[in-house]
Amino acid sequence: MEANGKSASNETILFQWDHQIKMLFNPVLWGNFLVGFGTPALLLGTAMSFPAGPAKGFLFSGILLAFFFVIWVITGIVMDLAGGFGAHFAITDQAIYFASGKGSKAAANVATVAGALAGSLSAAGAGLLARSEQDAYVEWAKVKKVKVRKGMRYIFIREGFGNKPIGLYCNKDNFEKILALVRSKTGSGAA
């Protein structure tokens, strides 16, 4: 298996599975939306409030966030009707791997083009950022943080600040096994 140019020919694959990630009712993705779009909109509103005044600056911020929200919801409806974002996960004895499916890549391209057509550098930048986040891996020895959302069968794994985290969307059959493996490999007692 290869991810990000890392050859893993001597690794033993312990688990691998595909998952369709739904977007509209996914609290993890909504949190990412608020951070990824809300923060830049708020910063732009703050910056605009100096020359234009606080009311106009934060009105601009609200309009920008509403624009992103509409695009997010439309994209979510389209993606969820198409079955969700495809994702491939693999866990080896040395690392955890994630690769996005075609739907994710298409959505990132749409966000980039929509942002460019709307004249929004931040929306186009968000699409480009999403394109850069298509594949990721985290070595077991470098895992710093593990968070678990049992109700969603979701395990969040972070290597450290500034590195790409991986969110493992598990299914009913593999969640407990993968959670036990993550805990044993990381020494994490994440609940």
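Among the residues of the stretch 154-184, count how many are part of a loop (DSSP other than H, G, I, E, B) and farther than 14 Å from residue 89 by Cα.
8
Just to verify a result, which residue in the stretch 52-68, among those that are of a type in the set (Gly, Ala, Ser) and crowded, with 17+ Cβ neighbours inside 10 Å, is farthest from the chain's Cα centre (by Cα)?
57
Of the residues making up the stretch 76-115, just one is surrounded by 20 or more Cβ atoms within 10 Å (Cβ to Cβ), modelled with pLDDT of 85 or more and over 28 Å from residue 180 (Cβ atoms), namely 76. Any chance the stretch 31-51 includes a residue that's modelled with pLDDT of 80 or more, among the aliphatic types (A, V, I, L, M), under 30 Å from residue 141 (Cβ atoms) and buried (at least 18 other Cβ atoms within 10 Å of the Cβ)? No, the stretch 31-51 contains no residue that is modelled with pLDDT of 80 or more, among the aliphatic types (A, V, I, L, M), under 30 Å from residue 141 (Cβ atoms) and buried (at least 18 other Cβ atoms within 10 Å of the Cβ). Out of all the residues in the stretch 3-10, is one or more at pLDDT 80 or above and exposed (fewer than 15 other Cβ atoms within 10 Å of the Cβ)? Scanning the stretch 3-10, I find at least one residue that is at pLDDT 80 or above and exposed (fewer than 15 other Cβ atoms within 10 Å of the Cβ), so the answer is yes.
Going by the structure shown, is residue 71 at pLDDT 80 or above, in contact with a helix residue (DSSP H, G or I) (Cβ under 7 Å, 6 or more places away or on another chain) and surrounded by 15 or more Cβ atoms within 10 Å (Cβ to Cβ)?
In short, yes.
The values are calculated or read from the model by the stated rules, or taken from the named source; none is laboratory data. Please read these numbers as outputs of a predicted model, since none were measured by experiment. Backbone-built Cβ (ideal geometry, glycine too); neighbour counts: all protein chains shown.
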